[in-house]
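Down below is the structure, laid out as structure tokens.
The values are calculated or read from the model by the stated rules, or taken from the named source; none is laboratory data. Keep in mind that this is a model prediction, so the values were computed, not measured. Cβ placement follows ideal geometry from the backbone for every residue including glycine, while neighbour counts extend to all protein chains displayed.
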Amino acid sequence: MFKRLSVLWTVIRGDARLLWRALRHHQAPGWLKLGALAIVAYVIWPVDLIPEFVPFLGVVDDIVVVPLAIRFLLDRLPAALRAEIARPLA
């Protein structure tokens, strides 16, 4: 279980870094900024898909939806921008 969570954290952290780099890039499309804003709003919004008072499932929906949304945005980036943000920093 902890190994799976560790792998999930590594993937989320890497995707979040790529999303951050894409947002700061001068060629970032407007829809990317709106999508990132929607993800932040979902995390802080008091209304969830599954309410938090439902044991275990209330937290799991955030753990699943947020990484999927980040990956969805990254997959729709133009190929040139995706290649540029994926390059390691010099």
Quiz item: Asp61 fails exactly one of the following numbered conditions: (1) at pLDDT 70 or above; (2) out of contact with any Asp or Glu (no Cβ under 7 Å at 6 or more places or on another chain). What is the number of that condition?
Solution: (2)
Quiz item: out of contact with any His (no Cβ under 7 Å at 6 or more places or on another chain), modelled with pLDDT of 90 or more and surrounded by 11 or more Cβ atoms within 10 Å (Cβ to Cβ) - does that describe any residue in region 37-54?
Solution: yes
Self-check item: In region 15-30, the residues that are surrounded by 12 or more Cβ atoms within 10 Å (Cβ to Cβ) and assigned to a helix (DSSP H, G or I)
Solution: Asp15, Ala16, Leu18, Leu19, Trp20, Arg21, Ala22, Leu23
Quiz item: Is there any pair linking a residue in region 16-41 that is among the hydroxyl-bearing types (Ser, Thr, Tyr) to one that is part of a loop (DSSP other than H, G, I, E, B), with Cβ under 6 Å and at least six apart or on different chains, and which?
Solution: none
Quiz item: Do you know which residues across region 69-81 are over 16 Å from Lys33 (Cβ atoms) and surrounded by 12 or more Cβ atoms within 10 Å (Cβ to Cβ)?
Solution: Arg71
